[in-house]
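Down below is the structure, laid out as structure tokens.
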Amino acid sequence: MRLLRLSGVALALVFSVASLTARADKIRDIATFAGVRPNQLIGYGLVVGLDGSGDQTTQTPFTVQSVVNMLNNLGVQVPSGGNLQLKNVAAVTVTASLPAFSRPGQPLDITVSSIGNAKSLRGGTLVMTPLKGVDNQIYAMAQGNVLVAGAGASAGGSSTTINQLATGRIPGGATVERAVPGGVGQGDFVQLELLETNFTVANHVVTAINSAFGPVASAMDGRVIQIRAPEDTNQRVTFLSRLETLDVAPADVAARVIINARTGSVVMNQAVTVDPCAISHGNLTVTINAINTVVQPPPLSGGRTARNTNADIQIDADKGPIVRLPKASNLRDVVRALNAVGATPQDLLAILQAMKAAGSLKADLQII
């Protein structure tokens, strides 16, 4: 892939090594086994022990209600109608990802995020919080000291690093209490699911598997591949371990250009091509056409001539910048030439959209 980034009038070009050399993908990088997936967990809890940076309870009554419920569950009766002023408590959501095949007793990393108006969670402690799945069942329990990255001062106290203080993490802060039922495949078959639907890749995967193990794989569609696997659990694991390391020839990528309208970043692949066109944008004119000039070869070069592939850039006092590019130009040449005349990110977006609308840009144009 090529990355073109416009910041003001600056343009950086980065080539990925993968696009310059032949490569083969591992099956584990382009597909997953059906049923082998993480599950998202969420919980609501309280962080206590804050240094006056907790929720303002006059604006977050749910924090006070949560504290009262917690104390009641611990056997502490709080008088009704009392006006609790809590500055060291914050209401938070706790999220975690439950990996496939997790078993009770395994630790999980969790993320703690304020949902009130707490200024900081630094130095706080998360009180025991149940984490539930989409089925409303409890799968883990969380508790521990919240770590807020990037918050603190240097050893000399002369400088302070401040990051987002309303979110923190607790490594190993949750313990799995319930396993998620599931397994790899049912009966004689397992299913391999491609990360992206592509009939060519599906065909390549089937070919690679059948070449290594015999006729055991067949494509259900452009995404799902059914594979006959051993019934014995240990043999199945060994079989899948060998299968996921097989090399698969990648399919030709579709021509695609992705533009970030906020930053001016442009990402494209080597399949992008440009046909002849003429575009006028404000005082900027871009023409892509045949340039009937040749470059004379240097001595001892074999006497072969080559067409001129350099951009012809002129500045007209009345018409503004005029960019002429040869017919063989690609989008990289276009963006480089636009950068040379000081085009802004907005100019680039408008020109690429116009080229796409005119049918000159042979690629799928996506704006994010």
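Note down the Stokes-Einstein diffusion coefficient of region 39-176 in µm²/s, whole number, using a Kirkwood radius over alpha carbon pairs, 25 °C, and 0.890 mPa s.
Reported coefficient: 155 µm²/s.
Arrange the following residues from fewest to most other Cβ atoms within 10 Å of their Cβ: E231, E177.
With the fewest neighbours first, E231, E177 line up as E231, E177.
Each residue of region 130-144 in turn: what ³J(HN,Hα) in whole Hz from Karplus with 6.51, -1.76, 1.60 and θ = phi - 60°, glycine and Pro shown as x?
My calculation for region 130-144 gives x, 10, 10, x, 5, 8, 6, 9, 7, 10, 7, 10, 10, 5, x Hz in order.
Given the options T207, I227, A254, identify the residue whose Cα lies farthest towards the positive end of the charge dipole of region 195-268 (+1 on Cβ of Lys, Arg; -1 on Cβ of Asp, Glu).
A254
If amide H atoms are built 1.01 Å from N in the plane of the peptide, which residues on other chains or at least 5 residues away come under 5 Å of the amide H of Y44?
Here V94 satisfy the definition.
For K26, list the aspartates and glutamates whose Cα falls under 18 Å from its own Cα; do not include residues on the same chain fewer than 8 positions away.
Within the straight-line cut-off, K26 pairs with E193, E196, E244, D247, D252.
Hey, which aspartates and glutamates would be in cross-link range of K87, C-alpha to C-alpha under 15 Å, not counting anything within fewer than 8 residues on its own chain?
Here the aspartates and glutamates satisfying the reach criterion relative to K87 are D51, D55.
Using a 10 Å cut-off around each Cβ, can you sort V266, V205, V237, V184 from fewest to most neighbouring Cβ atoms?
Going from least to most buried by this count: V237, V184, V266, V205.
Using the beta-carbon distance between E196 and T175 and R0 = 35 Å, what value does 1/(1 + (r/R0)^6) give for FRET efficiency, to the nearest 0.05?
Calculated value: 0.50.
Go ahead and run the numbers for FRET between N210 and Q137, Cβ-Cβ distance against an R0 of 35 Å, rounding to 0.05.
It comes out at approximately 0.30.
With an 8 Å cut-off on Cα pairs and a minimum separation of 6 or more residues, tell me the relative contact order of region 39-176 in percent.
It comes to 30 percent, rounded to a whole number.
Laboratory data are not the source of any read-out in this text; all were calculated from the coordinates shown. What you are looking at is a predicted structure, and each value in this text was computed from that prediction instead of being measured. Cβ coordinates were reconstructed from backbone atoms using ideal geometry, including for glycine residues, and neighbour counts include every protein chain displayed.
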